[in-house]
There are 2 protein chains.
Amino acid sequence: MSTQISTDTDAATIDIDAANAEAFARLDAADPWVIDVAPAREVLPGFRDNLVLTSGAPMPWPAYSGGQREALIGGALFEGLATDRDDAIAKFDSGVIEVGGCHDYAAVGSLAGIYTASMPVFVVVNRTHGNLGFCNFYEGKEPRRLNYGCYDDGVRDRLRHVNEVLAPVVGDAIRRQGGVALKPLIARALRMGDEVHSRNAAASILFNREILPAVLDMAGQNIAGVRETMLHLAENDYFFLRLSMAAAKASADAMTVAGSTLVSAMAFSCRGFAIKLAGLGDTWFEGPPPIHQGKLFDGHTEDEITWMGGESPITETVGLGGFAQACALSLQEYQGGAPEVMIERNQEMYAITHGENSTYRIPLFSFRGTPTGIDARKVLDTGVLPVMDVGLAGRDGGQIGAGVIRAPRECFADAMAEHTRRFGDR
Amino acid sequence: MSTQISTDTDAATIDIDAANAEAFARLDAADPWVIDVAPAREVLPGFRDNLVLTSGAPMPWPAYSGGQREALIGGALFEGLATDRDDAIAKFDSGVIEVGGCHDYAAVGSLAGIYTASMPVFVVVNRTHGNLGFCNFYEGKEPRRLNYGCYDDGVRDRLRHVNEVLAPVVGDAIRRQGGVALKPLIARALRMGDEVHSRNAAASILFNREILPAVLDMAGQNIAGVRETMLHLAENDYFFLRLSMAAAKASADAMTVAGSTLVSAMAFSCRGFAIKLAGLGDTWFEGPPPIHQGKLFDGHTEDEITWMGGESPITETVGLGGFAQACALSLQEYQGGAPEVMIERNQEMYAITHGENSTYRIPLFSFRGTPTGIDARKVLDTGVLPVMDVGLAGRDGGQIGAGVIRAPRECFADAMAEHTRRFGDR
């Protein structure tokens, strides 16, 4: 996962435009396939049994607060690393249980993004560049979920059910199919009303269709759990998000080109929003929390909104989600906003991106490719901030709504300051 | 199927606006469910073994020409009603084989729309009003199809395969599920890039998802053909069209209200385009063939385009297809035209319709209901002609493209002339 970084001595030789063209070309050529499902401990590079991963630029344990801290504690309890809440806190304090950032393990986390050793993850390979990306499973529709900072018997039982029933069946089907190509599937979903971040209704059933031959064979052999798993998938429109995230991670990680000013990751923690640049390796540039505009579920209020992490903006990093919002106008109902606003917001992203995706296309824009490859220079020059479609978490845990966020300008300013320090004035 | 028609003596008492409001309300309240699959001879009211149905306002046998005539002959051969082409022609000439119009049997035909006794049909019940609607099966992707005027060994084999393998499995699944509600499924498909006339990609997989529980049970019992059928459905995006047509027919047939000027059917034959009004019973008002604008498959030219029938405009009659085109902008690739044109065309239909559908809604128009219930008065007053998305047939048979057609003004003028004769000046 580590990246060779150019030193100051390269400053004179760096052609930013050429570096960006190369980073964009690598992103655009990525070919993510899901090939397996396996426990995190078996496939995440460097994973350890006492490790709990979470979203955002990594921080020391004491820096995690609110829902994200609760999610880490919940993860430790779920994995049996501690006997109760106090025991978990003591073990995090002492370092017996370790905290890590998902991105450092080629993974991306939804909301709080908790990974523990036994949790099954989708294994996605970028066939063009050979690198892997990972994401764990959707917990289901229930608003109380570990990734929204909740942990109780219900959350535990649903997570166990994922581990013991759903993931094995899905993994078996994926292996029997010899893997599933995600890029053409996502491209198709964009024509069917998804942007594969906050709307995955089409992609989820398209994925079910891809594994159908294997599933029918499995059902024919009366393999336990097949029926239940397929019906679960059929009823959970959000199922595919984890696959689009893993696909996006495997694609974005291929962007590394010294000197490039294109964004290769965006993520946030309870503390702030952070980005990486394709030309500055694994360094995170963190600013304040994102700016939001959302729609809350009935019975919730603005002041409840809290930040407890989120790495699903990896989808926007590769030209999906908010950058393909004009594909998914039905989101107006879920996250608020008028179609005209969504269309204009999507159009606006062309001002800050390097190019247009050659595979992901927008029917409403006459199949123009989605704006892809956020250029930190353009963000600073235009003042236009990247837009993302996200779920909104509540102070007391659980999902309380959905909406649109904007990355804060500070991340881009800091990243470009560092870029100048390393590579000279642009 | 027959309708009680008001006589001239009712003229003074007819309130057209009230009649239209009632006809619209009946259409809007229709609740079509597919409940069975059965051979035409068993379920189409009054069907006879020597009968071949075809699209459009019914004509005597000698009036059918070109591809539609060839399709009728092909139907007779497929059903074993004749030994060869000459024998079939002789038997049609003598009346040993009879020709009928689909609409007279509560059915609707795609393109030439051939129905013979053994052909399986979807049985759709309108739960609100109790009437039934029928449509037979999609033959598959092959451009040479009986409904496009072709008949040869390949066409025969594919039709037999529908009869013997696909239809029994689909019927079994539908019965096991206790029927499938089509209206919510169509409403969902409109949010997923379909208009369920020329684009059915989402509706087809949504339907597959609806029957999945039954299919998994069937696969678990190793019922022959289940795997093959489900994979066929999964690969044929057009599969659902026949269900949307049957649903539309069952809905439109409930519109009958004396004096209403709303259109209750639109269909064409090789001779001309025809409409029915909800207030004028079963009388067809026929004009010239439709006006078209299309996109041809590679290797074909404009002068090849021919009319061999079509009753899929029943979808536009209920507020779908061309009347929901702004849901399905991906069609720009298949049938030509820019998104802006499609959107404007869809908007234009509000000028000639009675109301807005309460279930079928358009995300791009802030979930405004689709323009529904074509009012013949408004068509004449505005000069705006109803728009339809259709497949285009070639002179030598087979599909050669797709496009948009407009109903000719003459049908509406003739229908309103008759309306005036019966009910007095509006």
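For region B:30-245, what class follows from the C-alpha gyration tensor (a ≥ b ≥ c being the square roots of its eigenvalues): rounded when a/c is under 1.5, otherwise prolate if a/b is larger than b/c, else oblate? Prolate, because a/c is 1.5 or more and a/b exceeds b/c.
When the square roots of the Cα gyration tensor eigenvalues are ordered a ≥ b ≥ c, the ratio a/c for region B:214-336 is 1.5 or more and a/b does not exceed b/c, which makes its shape oblate.
Using heavy atoms of the protein chains and a probe of 1.4 Å, the accessible area assigned to A:Val318 is about 10 Å². Using a Gaussian network model of chain A in which every pair of alpha carbons under 10 angstrom is joined by a spring, one finds that among A:Pro408, A:Pro289, A:Pro62 the greatest mean-square fluctuation is at A:Pro62.
A 1.4 Å probe over all protein chains sorts B:Cys270, B:Cys135 by accessible area into B:Cys270, B:Cys135, starting with the largest.
Carbon and sulfur: what percent of chain A's accessible surface (1.4 Å probe)? The computed percentage sits at 48. Pairs from the list B:Lys91/B:Lys276; B:Lys141/B:Lys295; A:Lys249/B:Lys183; A:Lys141/B:Lys183; A:Lys249/B:Lys295; A:Lys183/A:Lys276 with a Cα-Cα gap above 29 Å: B:Lys91/B:Lys276; A:Lys249/B:Lys183; A:Lys249/B:Lys295.
Buried area at the A:B interface is about 3000 square angstrom, summed over both chains, from accessible surfaces computed with a 1.4 angstrom probe. Determine the shape class of region A:78-170: with a ≥ b ≥ c the square roots of the Cα gyration tensor eigenvalues, call it rounded for a/c under 1.5, and otherwise prolate if a/b is greater than b/c, oblate otherwise. Note, shape of region A:78-170 comes out oblate.
What the Cβ-Cβ distance of B:Leu231 and B:Asp153 gives, at R0 = 22 Å and to the nearest 0.05, is a FRET efficiency of 0.40.
Taking all protein chains together and rolling a 1.4 Å probe, B:Asp237 ends up with roughly 50 Å² accessible.
Note on chain B: helix-only mean residue ellipticity at 222 nm, from DSSP H runs of 4+ residues weighted -39500 (n - 2.57) and normalised by residue number, equals -10500 deg cm²/dmol. Solvent-accessible area per residue in region B:30-245 equals 31 Å², computed with a 1.4 angstrom probe and all protein chains kept. Among the helices of chain B, those built from whole DSSP H runs whose Cα atoms reach 24 Å or more along their own axis and whose mean Kyte-Doolittle hydropathy is at least 1.0 are B:201-220. Label zone (A:Arg160, point 7 Å along Cα-to-C-beta; backbone nitrogen cut-off 12 Å) within region A:70-89: A:78-80.
When every alpha-carbon pair in the protein assembly as shown is counted, what percent end up more than 52 Å apart?
The calculated P(r) of the protein assembly as shown puts 23 percent of pairs beyond 52 Å.
Computed about the Cα centre, the dipole magnitude for chain A is approximately 740 debye when only Lys and Arg (+1) and Asp and Glu (-1) carry charge, each at its Cβ. Using θ = phi - 60° in the Karplus curve 6.51 cos²θ - 1.76 cosθ + 1.60, the 3J(HN,Hα) couplings for region B:350-357 round to 5, 6, 10, 10, 6, x, 10, 4 Hz; x is entered for Gly and Pro. Heavy-atom accessible surface of B:Tyr151, to the nearest 10 Å², is about 60 Å², with a 1.4 Å probe and all protein chains retained.
The values are calculated or read from the model by the stated rules, or taken from the named source; none is laboratory data. Quantities reported herein were computed from a predicted structural model and do not represent experimental measurements. Don't worry about glycine lacking a Cβ; one is built from the backbone with ideal geometry, like all the others, and counts go over all protein chains shown. Ligands, DNA and RNA are stripped out before the accessible areas are found, and what is left, the full protein with its side chains, is counted by its heavy atoms. Shrake-Rupley method; radii C 1.70, N 1.55, O 1.52, S 1.80 Å.
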